[in-house]
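For reference, the structure discussed in these notes is given below.
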Amino acid sequence: MIKENIHSILSEIPKNVQLVAVSKTKPVSAISEAYEAGQRHFGENKVQEVVDKQKVLPDDIHWHLIGHLQTNKVKQIAPFIWLIHSVDSLKLLTEINKQGKKNNRVIPCLLQFHIAQEESKFGLSFEDASEILQSKEFEAMENVSIAGVMGMATFTNDEAQVRKEFRLLSSYFDKLKSLYFEDKESFKYISIGMSGDYKIAIEEGSNMIRVGGTIFGSRT
Ligand SMILES: *Cc1c(COP(=O)(O)O)cnc(C)c1O
């Protein structure tokens with residue numbers, strides 16, 4: 001079923017939208033099945049899990065860290081991570097830059113915004129992000145690249161609410177682009193949309209969707 005699920009999603013989304021298959025809690029065998037269907041982008045939310053899976057799966061997989069990242073765990077993923085979606089502080093970005101340098105690479109990152117109504121410890125406001133991007137510390141960083149923005153909508157059936165939140169994040173992307181990344185092609189991703197809301201997200205500007213349940217079945 002995994003192959004069919006991937007093909008069916010790919011058949012209904014525009015070509016410019018990157019599908020990230022969220023494989024958290026799922027076994028290596030499930031990822032292999034998706035890999036055989038041609039899927040190369042996988043998302044995990046735990047450092048230990050992505051490290052373990054990366055070791056045993058093919059090298060051409062692009063691994064995405066989509067969950068909250070603790071500063072002391074950056075070094076474990078720095079050698080191989082393709083994109084970190086969850087940058088929500090200057091402190092974390094500073095550590096990613098440090099570990100990028102140690103590994104002689106530039107690590108692509110998304111700024112995670114708090115767009116949902118629910119209380120959350122994680123995610124930046126637009127002002128927080130501006131502060132980071134204007135800082136001397138950020139200016140000096142050579143081993144991180146800000147590749148776009150990420151967010152999660154409120155967990156609700158209210159489609160209008162979800163749409164409003166996605167639209168807000170897209171407007172943040174546009175503003176940041178014109179203020180700080182006008183000439184940077186590398187600032188390009190709007191990572192919004194999960195199993196329940198990726199169609200709305202794409203209508204509101206998403207070009208990177210993170211889909212778990214619809215591909216792999218529900219998590220227990
Ligand atoms: C689990 C998760 C997803 C995927 O959720 P589904 O509803 O299974 O598609 C997407 N983004 C993040 C940040 C997640 O933690």
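The values are calculated or read from the model by the stated rules, or taken from the named source; none is laboratory data. For clarity, every value in this text was computed on a predicted model and none was experimentally measured. Note that each Cβ is placed from the backbone with ideal geometry, even for glycine, and that neighbours are counted across all protein chains shown. Accessible surface areas use protein heavy atoms only, side chains included; no ligands, DNA or RNA. Shrake-Rupley method; radii C 1.70, N 1.55, O 1.52, S 1.80 Å.
In table form, for the structure just shown:
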read-out	value
Qualifying residue in segment 38-52 (condition: aliphatic (A, V, I, L, M) and surrounded by fewer than 17 Cβ atoms within 10 Å (Cβ to Cβ))	no
Residue in segment 181-200 that is farthest from the ligand (Cβ to nearest atom), counting only those that are part of a loop (DSSP other than H, G, I, E, B) and open to solvent by less than 30 Å² (accessible area, probe 1.4 Å)	181
Qualifying residues in segment 201-219 (those that are touching a residue at least 40 places away in the same chain (Cβ under 8 Å), out of contact with any Lys or Arg (no Cβ under 8 Å at 6 or more places or on another chain) and more than 16 Å from residue 173 (Cα to Cα)) - the one farthest from the ligand (Cβ to nearest atom)	217
Filter pass, residue 90 being within 17 Å of residue 186 (Cα to Cα) and more than 14 Å from the chain's Cα centre (by Cα)	no
Scope segment 109-128; condition surrounded by fewer than 21 Cβ atoms within 10 Å (Cβ to Cβ) and closer than 17 Å to residue 47 by Cβ; matching residues	122
Filtered residues of segment 201-220 (kept if in contact with a Ser or Thr (Cβ under 8 Å, 6 or more places away or on another chain), among the hydrophobic types (A, V, I, L, M, F, W, C) and open to solvent by 10 Å² or more (accessible area, probe 1.4 Å))	216
Checklist (1) part of a loop (DSSP other than H, G, I, E, B); (2) under 14 Å from the mean Cα position of the chain (by Cα); (3) of a type in the set (Ser, Thr, Tyr) applied to residue 154, failing item	(2)
In segment 141-156, the residues that are modelled with pLDDT of 95 or more and open to solvent by 70 Å² or more (accessible area, probe 1.4 Å)	142, 152
Residue count for segment 4-18, restricted to those that are open to solvent by less than 70 Å² (accessible area, probe 1.4 Å) and either under 17 Å from residue 216 (Cβ atoms) or touching a strand residue (DSSP E or B) at 6+ places or on another chain (Cβ under 9 Å) (or both)	7
Segment 165-180, residues that are surrounded by 15 or more Cβ atoms within 10 Å (Cβ to Cβ) and free of Cβ contacts under 8 Å to residues at least 24 places away in the same chain	177
